[in-house]
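Just below is one structure, and these are the notes that go with it.
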Amino acid sequence: MKVLPLKKRGVETSRLVLGCMPFGGEWNKDPITDQNIKDSEAALDAALEIGINLLDTANVYRWGKSETIIGKILKDRPALREQVIIQSKCGIRPGENGLPTRFDFSKEHIIEAAEASLKRLDLDYMDILLLHRPDPLMDPEEVAEAFGKLKAQGKVRYFGVSNMNVSQMQFLQSALPDELAVNQLEISLSHLDWLDQTIHVNQKAGQNVHFGEGLLEYCQLENVQIQAWGPLSQGIFSGRDVSDRPETVQNTAKLVKQMADEKGTTPEAIVLGWIMKHPAAIQPVIGSIKPDRIKACQDGEKQAELMTREEWYSLYTSSRGKPMP
Ligand SMILES: NC(=O)c1ccc[n+]([C@@H]2O[C@H](COP(=O)([O-])OP(=O)(O)OC[C@H]3O[C@@H](n4cnc5c(N)ncnc54)[C@H](OP(=O)(O)O)[C@@H]3O)[C@@H](O)[C@H]2O)c1
């Protein structure tokens, strides 16, 4: 297995990441309940038990409740702070209904949002800050000023992006003193554009593929950690009822189950192992809040090592539902 780009930068991260988007219950401004905290702490403990040390959150998750809960847990268990890596995001401005109304990479917003995140997290610094979704009004110089200030003040150690293509990364990077450390993208066995982009070069069939051209290669060349959001495909290949889903989904779920049974592992480990076999050393960001489901992911890295090329392609083509070009 390749060394993770984040590790090459000195960040001692686990291979899997815990997505903390569900911390905080419903997506509303209701107060955090004791049950919300209990559920989140149980998820965090399950993650720690299987060696996960990177927690992914965002200023907008559950209207800030995700960050607040992480802060409360760390306050109760201060020894944990040095054991975990905290990654948050900024750049989305939600409206009253909680949905994004606009993106904002202005210097003021980045600084204010990061400081507000730190307040909710009850921390002096966060390890990694990502720009959540590309802002068409992005001015790299302005972003550089914001990042520079946050870094100089010791509030953020590393910076990265999410859902950006190569040109956007290069444009932004041109003004930044530090290298972008992370790009978090939707990558899974159900969201296949990341691979279809590779196999459709020079082909008309690739015209509807929506994944930045050359992005995987660029990130590998530039030592950018690719993180996969949505890696479990919301469970459609690992136990969720898919009787009303297309045949390709049902067949792929059966194939995943069959492989898991043959290998004495879980469907989650097969689905994640399939992503982790890619040479870009992708870090899946798992979004379950259920301790058992989180623990079912533990074997993913081992399954990536054991998975043959034939098995990997059988999963890819099954989910594609059409032959290779
Ligand atoms: N950068 C971005 O733009 C972006 C966007 C979205 C998410 N993210 C990050 O990525 C993380 C993961 O994203 P995600 O939640 O979309 O990914 P996911 O890990 O693919 O899906 C997790 C969701 O699927 C459900 N699930 C999994 N297996 C299931 C099964 N067998 N049966 C029923 N439900 C099942 C989980 O429910 P349970 O909790 O009940 O297990 C949870 O709601 C988030 O937490 C967040 O940190 C980033």
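Just to be sure before I move on: is Phe147 open to solvent by less than 60 Å² (accessible area, probe 1.4 Å), among the aromatic types (Phe, Trp, Tyr) and over 22 Å from Met276 (Cβ atoms) in the structure I sent?
So Phe147 passes the test.
Please specify each residue of region 294-319 satisfying the condition of being among the charged types (D, E, K, R), surrounded by 16 or more Cβ atoms within 10 Å (Cβ to Cβ) and touching a residue at least 60 places away in the same chain (Cβ under 8 Å).
Lys295, Glu301
Give region 77-102 a look and list any residue that's touching a His at 6+ places or on another chain (Cβ under 9 Å) and modelled with pLDDT under 95, or say none.
Correct list: Arg93, Pro100.
Is at least one residue of region 60-70 among the hydroxyl-bearing types (Ser, Thr, Tyr), under 23 Å from Leu216 (Cα atoms) and open to solvent by less than 10 Å² (accessible area, probe 1.4 Å)?
No - not one qualifying residue is present in region 60-70.
Please determine whether any residue of region 23-45 is open to solvent by less than 10 Å² (accessible area, probe 1.4 Å) and assigned to a loop (DSSP other than H, G, I, E, B).
yes
Would you pick out the residues in region 74-85 that are farther than 9 Å from Leu121 by Cα and buried (at least 19 other Cβ atoms within 10 Å of the Cβ)?
Val84, Ile85 - these are the residues of region 74-85 that are farther than 9 Å from Leu121 by Cα and buried (at least 19 other Cβ atoms within 10 Å of the Cβ).
When the residues of region 208-255 are narrowed to those that are touching a His at 6+ places or on another chain (Cβ under 8 Å) and outside any helix (DSSP H, G or I), which ends up nearest to the ligand (Cβ to nearest atom)?
Among them, the one singled out is Gly230.
Quick check on my filter: what residues within region 187-196 are closer than 21 Å to Gln250 by Cα and either charged (D, E, K, R) or not in a loop (DSSP other than H, G, I, E, B) (or both)?
Asp193, Leu195, Asp196
Pairs, please: C-beta under 8 Å, at least 6 apart or cross-chain, first residue over 20 Å from Ala58 (Cβ atoms) and in region 127-154, second among the aliphatic types (A, V, I, L, M) and part of a helix (DSSP H, G or I)?
Pro140/Leu172; Lys149/Ile111
Give me the pairs: first residue in region 112-125 and small (Gly, Ala, Ser), second residue surrounded by fewer than 17 Cβ atoms within 10 Å (Cβ to Cβ), beta-carbon distance under 9 Å, and six or more apart or on different chains, which are they?
Sorted first by the residue in region 112-125, then by its partner, the pairs are Ala113/Arg93.
Looking at (1) open to solvent by less than 10 Å² (accessible area, probe 1.4 Å); (2) touching a Ser or Thr at 6+ places or on another chain (Cβ under 6 Å); (3) more than 23 Å from Gly300 (Cβ to Cβ), which one does Cys20 not meet, given that it meets all the others?
(3)
Sort out which residues of region 11-29 are within 11 Å of the ligand (Cβ to nearest atom) and farther than 10 Å from Gly64 by Cα, and write them in order of number.
Leu16, Val17, Leu18, Gly19, Cys20, Pro22
Considering each residue of region 219-269, count those that are in contact with a Phe, Trp or Tyr (Cβ under 6 Å, 6 or more places away or on another chain) and open to solvent by 30 Å² or more (accessible area, probe 1.4 Å), and give that number.
Residues in region 219-269 being in contact with a Phe, Trp or Tyr (Cβ under 6 Å, 6 or more places away or on another chain) and open to solvent by 30 Å² or more (accessible area, probe 1.4 Å): 0 in total.
Name the residues in region 276-291 that are open to solvent by less than 20 Å² (accessible area, probe 1.4 Å), on the phi < 0 side of the Ramachandran plot and in contact with a helix residue (DSSP H, G or I) (Cβ under 8 Å, 6 or more places away or on another chain), would you?
Met276, Ala280, Ile282, Gln283, Pro284, Ile286, Ser288
So which of Leu180, Leu216, Leu189 ends up being buried (at least 23 other Cβ atoms within 10 Å of the Cβ), closer than 23 Å to Glu12 by Cβ and over 13 Å from the mean Cα position of the chain (by Cα)?
The conditions single out Leu180.
The values are calculated or read from the model by the stated rules, or taken from the named source; none is laboratory data. Please read these numbers as outputs of a predicted model, since none were measured by experiment. All Cβ positions, even for glycine, are placed from backbone atoms using ideal geometry, and neighbour counts span all protein chains on display. We work out accessible area using only protein heavy atoms, side chains counted, and drop any ligands, DNA or RNA first. Shrake-Rupley method; radii C 1.70, N 1.55, O 1.52, S 1.80 Å.
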